[in-house]
Amino acid sequence: MGSRALLMLTNFNFKATVSSFGSASNPFFLIKNNLRIRNFSTKTRSSLQPPDLPGLAETARISLAPNEVEEFAPKIGQVIDWFGQLQAVDLDNVEPAIRADTEGDNLREDVPQTFENKEALIASVPSYEEPYIKVPKVLNKE
Amino acid sequence: MGLPGALPVLNSKVIEFAVKLGLALNCKLSLNSKFDRKQYFYPDLPKGYQISQFDIPIATGGYVDLDLPLEFGGGHRKFGITRVHIEEDAGKLLHSGNGDYSQVDLNRAGVPLLEIVSEPDMRTGIEAAEYAAELQRVVRYLGISNGNMQEGSLRCDVNVSIRPVGQSEFGTKVEIKNLNSFSSINRAIDFEISRQALLHSQGQSDQIVQETRLWEEGAQKTVTMRKKEGLSDYRYFPEPDLPEVILTPEYVDSISNSLPELPEAKRRRYEKMGLSMQDVLFLANDMNVAEYFDATLSSGADIKLAANWIMGDIAAYMKNEKLSINDIKLTPQELAELIASIKSGTISGKIGKEILSELLAKGGTVKGLIEEKDLIQIADPVEIGKMIDKVISENPKQLEQYRGGKTKLQGFFAGQVMKLSKGKANPGLLNKILLEKLNGQS
């Protein structure tokens, strides 16, 4: 991300000031010591890199024909670029947020609650071999 | 079950348990942490993602201290803890015998659990097994889990790599799954170390690939399960359906102040009391035994004597009757009373052992039993002397044999006096006076 890269490269902001804090010949350095270098939780994509559609489709278990790959790749690229507008925001003075919500915690007590309609749950299972759900044999996780 | 419209709600208890565990493992707690989605497809994961904590777990950078059992060489170890995080459990997948389908049980899907990741600090199977045993001890002491591997309350996967002496980079690591007990952790790791070392020695270290292997208990070896081609891309992103986990310093402090004495602190305290390492490990390893021991001490018992009774006769009884220390009828207070009665000479050591069995099985009080069965030790020399005189007079032949040189007969006389006194004669006094009389000195 553009602005974050800028933060990482420079450890201080040099601001020449004309306020009363310092004379014009003695510019003072504003040292940023509240930088947090964080590892990002997903692969970061700069707006320059096109999405790897076949790879994405594979991990999402969605089959795409070659013409679909050709058709969707630019569209997905456009969506990414649309989000890429966020790179223009100046994050110099912003503390990274962990989450976007402002609501307080919504917790539950550690008390079991009976679900009244278990039959409906079980009825929704396509292949039931009491008391298990029958599934094809899959040995490899991804 | 991944039903559309169903949303997760965070369980407040798991936060409390996470903080307790983080503190007990000497970690740094993140006062703000969040959840992430770990996305992959597998039949036991109905939603197609597992709610976990990826980059900001609730606790990081801790350690655990332990003492290796003496039968494995003993020694103190300190192992680093990389992180502790909260995540949800997946369902349980069972593979059918004939192999063309599997079965899923979703009862535990969505139940919160804590994952503990250690630093790669262990060097042998026994170190890793003891580390796991210590974690079990800690969670039991904290009361957050019974830590039973057989029930799946505590599950363990290991990663093993080896490197030539002098090399600082770690070798290729291999994951091992299906470890169901501490001993299989021990044996699987030692096996895997040998397997990798053998390949190295044959110049085939490139055959060691990053993969997941299964421990086969029957064959006592690891086998390939699947080869990992590169790291999985779990496409982590912050879980939108769960709020941030915010810990206030007050919350953390209140939990910190409520922590019980943990195994390591207990071991060091017992050591300072002068107990040997063997005693320390026996008494501190089981939380209930430690509690019993501490209660006996606080009733005034001598440290070493209390330790001996618990580790000796009482442990033997428990093993015989297959009872835990919480089931025996002898209370810590009465054990202290028993020890004191013997120490003061009120009853003899032999009588003490005899009433112990009754106390263990039926309970009751030491004082009560002593009175009921008239067990008070006879320590009056005059009274003992009278009994000795009686026995001697009733056994003239043996007296003659003794005075003729068969000094071993002293034991015979002593036994007869004991019988006469119903076991109550003080053995030391008895033998002293007996000897005098037999030798004609009184």
query = What helices (runs of 4 or more DSSP H) completely inside region B:251-308 contain at least 1 residues that are more than 20 Å from B:Asp67 (Cβ to Cβ)?
reply = B:287-298
task = Answer yes or no: is there a residue in region B:224-243 that is of a type in the set (Ser, Thr, Tyr) and in a strand (DSSP E or B).
result = yes
ask   = Which of the residues belonging to region B:402-436 are over 30 Å from B:Ile370 (Cα atoms) and part of a helix (DSSP H, G or I)?
value = B:Tyr402, B:Arg403, B:Thr407, B:Lys408, B:Leu409, B:Glu436
key: Flag if B:Gly166 is modelled with pLDDT under 95, among the small types (Gly, Ala, Ser) and closer than 21 Å to B:Ile86 by Cβ   = no
query = In this structure, is A:Phe83 out of contact with any strand residue (DSSP E or B) (no Cβ under 6 Å at 6 or more places or on another chain), hydrophobic (A, V, I, L, M, F, W, C) and not in a loop (DSSP other than H, G, I, E, B)?
reply = yes
task = List the number of the failed condition for B:Asn426; all other conditions in (1) in contact with a strand residue (DSSP E or B) (Cβ under 8 Å, 6 or more places away or on another chain); (2) surrounded by fewer than 16 Cβ atoms within 10 Å (Cβ to Cβ) hold.
result = (2)
task = Check off (1) over 22 Å from B:Ile255 (Cα atoms); (2) outside any loop (DSSP other than H, G, I, E, B); (3) touching a strand residue (DSSP E or B) at 6+ places or on another chain (Cβ under 9 Å); (4) not aromatic (Phe, Trp, Tyr) for B:Lys47 and give me the number that stays unchecked.
result = (2)
Residue ID - surrounded by the fewest Cβ atoms within 10 Å (Cβ to Cβ), chosen from residues in region A:67-81 that are more than 17 Å from the chain's Cα centre (by Cα) and aliphatic (A, V, I, L, M) = A:Val69
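Table: residues versus (1) assigned by the TED database to the domain that holds B:Arg37; (2) touching a residue at least 24 places away in the same chain (Cβ under 8 Å); (3) surrounded by 14 or more Cβ atoms within 10 Å (Cβ to Cβ).
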site	(1), (2), (3)
B:Thr224	no, no, no
B:Pro240	yes, no, no
B:Glu244	yes, yes, yes
B:Pro249	yes, yes, no
ask   = Among the residues of region B:135-143, is any away from chain A (no Cβ under 14 Å) and closer than 19 Å to B:Trp215 by Cα?
value = no
Residue list for region B:34-64, restricted to those being aliphatic (A, V, I, L, M) and either under 30 Å from B:Glu130 (Cβ atoms) or in contact (Cβ under 8 Å) with a residue 60 or more places away in the chain (or both) = B:Leu45, B:Ile51, B:Ile58, B:Ala59, B:Val64
request  = Taking the residues in region A:82-124 that are within 13 Å of chain B (Cβ to nearest Cβ), β-branched (Val, Ile, Thr) and over 30 Å from the mean Cα position of the chain (by Cα) as candidates, determine which candidate is farthest from B:Glu239 (Cα to Cα).
outcome  = A:Ile122
ask   = Taking only pairs six or more apart or across chains, which ones have beta-carbon atoms under 7 Å, a first residue in region B:1-13 that is more than 7 Å from chain A (Cβ to nearest Cβ), and a second residue that is among the acidic types (Asp, Glu) and assigned to a loop (DSSP other than H, G, I, E, B)?
value = B:Leu7/B:Asp241; B:Pro8/B:Asp241
task = State all residues of region A:57-81 that are within 20 Å of B:Tyr236 (Cα to Cα) and either within 14 Å of chain B (Cβ to nearest Cβ) or touching a His at 6+ places or on another chain (Cβ under 9 Å) (or both); if no residue qualifies, say none.
result = A:Ala57, A:Glu58, A:Thr59, A:Ala60, A:Arg61, A:Ile62
request  = Would you mind stating whether B:Lys424 is at negative phi, of a type outside the set (Val, Ile, Thr) and at pLDDT 85 or above?
outcome  = no
task = Determine if region B:198-219 includes at least one residue that is in a helix (DSSP H, G or I) and among the aliphatic types (A, V, I, L, M).
result = yes
message = Can you tell me which residue is surrounded by the most Cβ atoms within 10 Å (Cβ to Cβ) among those in region B:80-130 that are free of Cβ contacts under 8 Å to residues at least 24 places away in the same chain, assigned to a loop (DSSP other than H, G, I, E, B) and among the polar types (S, T, N, Q)?
response = B:Ser96
ask   = Is it the case that some residue within region B:164-181 is free of Cβ contacts under 8 Å to residues at least 60 places away in the same chain, within 21 Å of B:Val64 (Cβ to Cβ), surrounded by fewer than 18 Cβ atoms within 10 Å (Cβ to Cβ) and among the hydroxyl-bearing types (Ser, Thr, Tyr)?
value = yes
ask   = Counting just the residues of region B:365-400 that are outside any helix (DSSP H, G or I) and at pLDDT below 85, which one comes out surrounded by the most Cβ atoms within 10 Å (Cβ to Cβ)?
value = B:Gln377
task = Quickly run through region B:258-277 and pick out the residues that are in contact (Cβ under 8 Å) with a residue 40 or more places away in the chain and within 14 Å of the chain's Cα centre (by Cα).
result = B:Leu262, B:Pro263, B:Glu264, B:Arg267
query = What number of residues within region B:322-364 are without any contact (Cβ under 8 Å) to a residue 24 or more places away in the chain, under 20 Å from B:Leu283 (Cα atoms) and crowded, with 16+ Cβ neighbours inside 10 Å?
reply = 0
Where B:Asn32 falls short, out of the listed (1) of a type in the set (S, T, N, Q); (2) within 10 Å of chain A (Cβ to nearest Cβ); (3) buried (at least 16 other Cβ atoms within 10 Å of the Cβ) = (3)
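The values are calculated or read from the model by the stated rules, or taken from the named source; none is laboratory data. Just so we're clear, the structure is a prediction, and the values are computed from it rather than from any experiment. For neighbour counting, all protein chains shown are included, and Cβ atoms are generated from backbone atoms with ideal geometry for every residue, glycine included.
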